[in-house]
Amino acid sequence: MNILDDLNPEQKKAVMHDKGPLLILAGAGSGKTRVLTYRAAYLIEHRNVNPWNILAVTFTNKAAREMKERIDRLVGYGSENIWVSTFHSTCVRILRRFIDRIGYERSFSIYDDDDSRALMRDVCKYLDIDTKRIPEKSILNAISRAKDELIGPEEFEKNTGRDYMLKKQAEAYYEYQKRLKASNALDFDDLIFKTVELFMTDESALAYYQNRFQYIMVDEYQDTNTAQFRLIQLLASGVNEYGEREYNLCVVGDDDQSIYKFRGANIQNILSFERAFPNTKVIKLEQNYRSTKSILSAANEVIANNIGRKPKTLWTANEQGEPVTYTLFDTDMDEAESVTGEIKRMVDNNQARYNDFAILYRTNAQSRMFEEKLIRKNIPYKIIGSVNFYARKEIKDLLAYMKTIDNGLDNIAVKRIINVPRRGIGAATIEKVDAYAINNGMSFYDALVRCEQIPGLERSCAKIMSFVSIIEGLRSRLYQENYNLTELIDDILDATGYLKELEEEGSDEARERIANIDELVNKLVTYADEAEEAPTLSGFLEEVALVSDIDSFDESEDYLVLMTLHSAKGLEFPYVYICGMEEGIFPSYMAMYSDNPQDEIEEERRLCYVGITRARKRLSLTAARQRMMRGDISFNKPSRFIKEIPEHLLKINMPDRKTMTSFAPDDYQPSRMNYKPFAFSEPKQFAGNNLGELEYGVGDTVRHFRFGLGKVTAITMGGRDYEVTVDFEEYGTKKLMASFAKLTKAE
DNA sequence: ACGCCGACCGTCCGA
DNA sequence: CGGTCGGCGT
């Protein structure tokens, strides 16, 4: 076999690169996954590298799974020993083995956002922090950013100065971290942070992994944060048998696709990689294999508006293809109706299947209108990232039972379910137990066990004891022979009366909850069947904690998929719709009016670039003049990103309905009153600017009073008016302002 | 202790 | 608009 045959020269160089740091700047669609997988295969087959010594890190489980499958197909056997997983899973695996060295128990819980918020609520109450003035969310956010930067509570406090707000946040950070520890729990950011901490404090643990991971590959490197960079740097800094540092680290990224600054991604990681790792070999992959020339040119034109990027130009040998289309609708409802209708028509005519399409948007809220239309049209669809399955109440309740059984120290889990279903244990009781637990340095659960010693609890104690005995009963069964996890969940549902309560309620909502519970049981069975090691409760909880919605996306199933532009990163589709191309939506209002609009608009633009480059054959952009947002009607201008695509690449569609009016004028500024960014009660800003509808579109023949007959070749918006390009039979091509030219449609 | 209702709020993106 | 929280009545 020669796997090198289907690679271009640059790709080949990357695959065959021997030792030392390698930075691959891989443009969108340039075959970076191919390079990574081939490289892994090449190392194994041609350099005699033991698969055991290779680590590949991705951002999503889906990407990890796919990479594994592709390597599997390339190398016969042994590939199962390659460690391919996400940053978070990698860290969990490491911590499960060594976290006791930094004072946690190896059975630690993983807190999701909800759990973290519940904990922070407790913390704020305890510290008397007025969450009206300092919302929990903002504190959690500050902590999260700090952890991204490897800043612990001590260092955070040092940097607070005299700022009251920051001082309070520092206090909360301390207490939050203290309580996580007491609950033997880690939040998402801790997974990375604590792994770095482990490696910094325990040389033998670090040496173990440095020795194991002699070749490291990182995908989507542009989205790593400082903590992740440090983690990779530590792992890659092992020495070989001659005592030399080789830095066999291969990272793949594209600075133009960096779209996660808001969650701490540090673009410097890619921009200064060469400085961090001396003698870095840099390889650029600039040939795009995915998109048509039209689509790629549009992408290049848009991203060219960003300054401070690594210079590169993607090119493709693919055909020119159809022009990118842009359609401005009256309302978001028209937009959804038309897009879904167009897709259905193509599928009905057997021109495409549903899974050839993707509808992309900036915010999850935009999915609503589409969903309504899809249901009405009976189109099979999947919305990625709307309500996370594991965030549903009944699922979280059951998981909290499992966590309580698995890790009795997990105070948040215990508090969540102590009165679910209702056992007559109220807030007052919980408060007393909690205070007792804190004063006596014990866990909430241990305090429950000793509730007889807690003053003022005489009446509730019986109720508490019955809860404790349920948990103890379930826990003891876990250690029986032949007891499996499916039985456990059945026993939980049974012993707690959870299922019974739902069955008795009999409402539609209750039925749906039961269906969700069944789904959870299914997932548990799947987990037990597919687990690589012996299935355990912690193993299942861990898997659940680390899945994201995109992981469940299966492109081989024939449904239409809708998702945010962020979720679409790394995917491709023949036909892509990017909807809601409006100022205030995309780019978002937050970016436009932030402290640093320049930077944030550039990030939005990169997001736009990511979106455009998802399309293989056809890209359709849409916008709406008016749109329902949070119950109000808002009016937005078309997105600046539309204007950044040169007109010769853009085909402006007129919606079917004859209601075209002008674009909003350029000086049309969103209102900032009332924190309602772009909502107006009346569209009065349009008054005096009514240019009348355009009765013609691109391709139509029109008549001008002086130039005679001509064919419309393009319509763009310039400022306050349409700019119409007409190819006249006698006078050649002219650009005209629609409101002045008085063009009429000729038959 | 608990359920209901109305006020209020926060507005994006996500592992 | 939709979720959450606090107040109030039972």
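Key figures for this structure:
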| quantity | calculated |
| --- | --- |
| Exposure ranking of A:136, A:319 by accessible area [1.4 Å probe, largest first] | A:319, A:136 |
| Order by protection proxy (mean Cβ within 10 Å, highest first), peptides A:512-519, A:474-481 | A:512-519, A:474-481 |
| Antiparallel content of DSSP bridges confined to chain A, in %, to 5 | 35 |
| Relative contact order (percent, whole number), chain A, Cα cutoff 8 Å, 6+ residue spacing | 15 |
| Under 24 Å from residue A:312, Cα to Cα: lysines that are on another chain or at least 8 residues apart | A:12, A:13, A:32, A:261, A:281, A:284, A:293, A:569, A:617, A:643 |
| Residue-level accessible surface for residue A:383, protein heavy atoms, 1.4 Å, Å² | 20 |
| Accessible surface of segment A:40-79, 1.4 Å probe, proportion on carbon and sulfur as whole % | 45 |
| Probe 1.4 Å - accessible area at residue A:432, Å² to nearest ten | 90 |
| Segment A:381-510: relative contact order in percent, alpha carbon pairs under 8 Å with at least 6 residues between | 20 |
| Ranked packing of A:157-165, A:215-223, A:256-264, most packed first, by mean Cβ within 10 Å | A:215-223, A:256-264, A:157-165 |
| Accessible area per residue in Å² at 1.4 Å probe, computed on segment A:356-505 | 48 |
| Residue A:584 long-range amide H proximity, modeled H, under 5 Å | A:589 |
| Ordering of A:229-237, A:55-63 by burial proxy (mean other Cβ atoms within 10 Å per residue, highest first) | A:55-63, A:229-237 |
| Mean-position separation - Cα centroids, segment A:246-308 and segment A:352-386, in angstrom | 30 |
| Accessible area, probe 1.4 Å, largest first, for residues A:188, A:389 | A:188, A:389 |
| Table column - 3J(HN,Hα) (Hz), segment A:547-564, Karplus curve with 6.51, -1.76, 1.60, x for Gly and Pro | 7, 10, 5, 5, 4, 8, 7, 10, 5, 7, 7, 8, 9, 7, 10, 10, 7, 6 |
| Where N is the number of residues in chain A, Cα Rg divided by 2.2 N^0.38 Å | 1.07 |
| Angle in degrees between helix A:508-530 and the longest Cα principal axis of chain A, rounded to the nearest 10 | 80 |
| Other-chain or far-sequence residues with amide H under 5 Å of residue A:626's (modelled H) | A:331, A:332 |
| Accessible-area order (highest first, 1.4 angstrom probe) of the listed residues A:283, A:430 | A:430, A:283 |
| Using alpha-carbon coordinates, inclination of helix A:226-235 to the longest axis of chain A, degrees | 70 |
| Residue A:84 long-range amide H proximity, modeled H, under 5 Å | A:56 |
| Helix axis angle, A:188-201 relative to chain A longest principal axis, alpha carbon, degrees | 60 |
| Integer Hz, Karplus 6.51/-1.76/1.60 couplings in order for segment A:392-402, x for Gly and Pro | 5, 4, 5, 5, 5, 4, 5, 5, 5, 4, 5 |
| Surface accessible to a 1.4 Å probe, residue A:272 within the full protein complex, Å² | 20 |
| Solvent-accessible area per residue for segment A:170-326 (1.4 angstrom probe, square angstrom) | 39 |
| Whole-Hz couplings from phi, Karplus 6.51/-1.76/1.60, listed for segment A:538-544; x for Gly and Pro | 4, x, 5, 4, 5, 4, 4 |
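The values are calculated or read from the model by the stated rules, or taken from the named source; none is laboratory data. Since the structure is predicted, the reported quantities are computational estimates derived from the model, not experimental observations. Cβ coordinates were reconstructed from backbone atoms using ideal geometry, including for glycine residues, and neighbour counts include every protein chain displayed. We work out accessible area using only protein heavy atoms, side chains counted, and drop any ligands, DNA or RNA first. Shrake-Rupley method; radii C 1.70, N 1.55, O 1.52, S 1.80 Å.
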